1. Which of these, Ser117, Ser21, Ser71, has the largest mean-square fluctuation under a Gaussian network model of the chain (Cα springs below 10 Å)?
2. How much space per residue, in cubic angstrom, does the convex hull of the C-alpha atoms of the stretch 1-97 take up?
3. Note down the magnitude of the dipole of the stretch 23-70 about its Cα centre, charges +1 on Lys and Arg C-beta and -1 on Asp and Glu C-beta and zero elsewhere, to the nearest 20 debye.
4. Across the chain, where is the longest run that never hits chymotrypsin sites (Phe, Trp or Tyr not before Pro) in a DSSP loop with at most 13 other C-beta atoms within 10 Å?
5. Measure out, as a whole number of angstrom, how far apart the alpha-carbon centroids of the stretch 1-46 and the stretch 51-128 sit.
6. What number, in percent, do you get for the relative contact order of the chain if the mean sequence gap of Cα pairs under 8 Å and at least 6 apart is divided by its residue count?
Amino acid sequence: QVQLVESGGGLVQPGDSLRLSCAASGFNFGHYAIAWFRQAPGKEREGIGCISARDGRTNYADSVWGRFTISRDNAKNAAYLQMNNLKPEDTAVYYCAAPILAGWGCYAPPRSRDFNSWGRGTQVTVAS
């Protein structure tokens, strides 16, 4: 039973930092890339970045480039999203996801169609 569980969301002020965690179980975590998505009210789900299974390759959407960093610890079956200099437009539910294919390598920012395992999401609200 594949499971992904996000944690770490909350209410923060503009300019603050927040670190989200994604705990994985039920599959061979170290063989799969991991991606982070977000969805704000009234908007489509947006792929914000990903990290490859083993070699550390990352890709980010332009909207978060330079502010967000994705990492992983395969020994702990966990992935992370470090968010710095948060802005009100970052307010959304944040999801981690695993791709359908182990060979998906994070050569570009993630697209939803390539993923079939999702967490339930964690709310991030950035407001003054």
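Only the coordinates and a few stated rules stand behind these numbers; no lab work does. Remember, predicted model here, so these are calculated numbers, not experimental data. Counting neighbours? That spans all protein chains shown, and the Cβs are built from the backbone with ideal geometry, glycine included.
1. The residue that fluctuates most here is Ser117.
2. Value for the stretch 1-97: 94 Å³ per residue.
3. Roughly 60 debye for the stretch 23-70.
4. Numbers: sites that count: Trp65, Tyr107.
For chymotrypsin sites (Phe, Trp or Tyr not before Pro) (loop position, at most 13 other Cβ atoms within 10 Å), the longest site-free span of the chain is 1-64.
5. 6 Å
6. It comes to 36 percent, rounded to a whole number.
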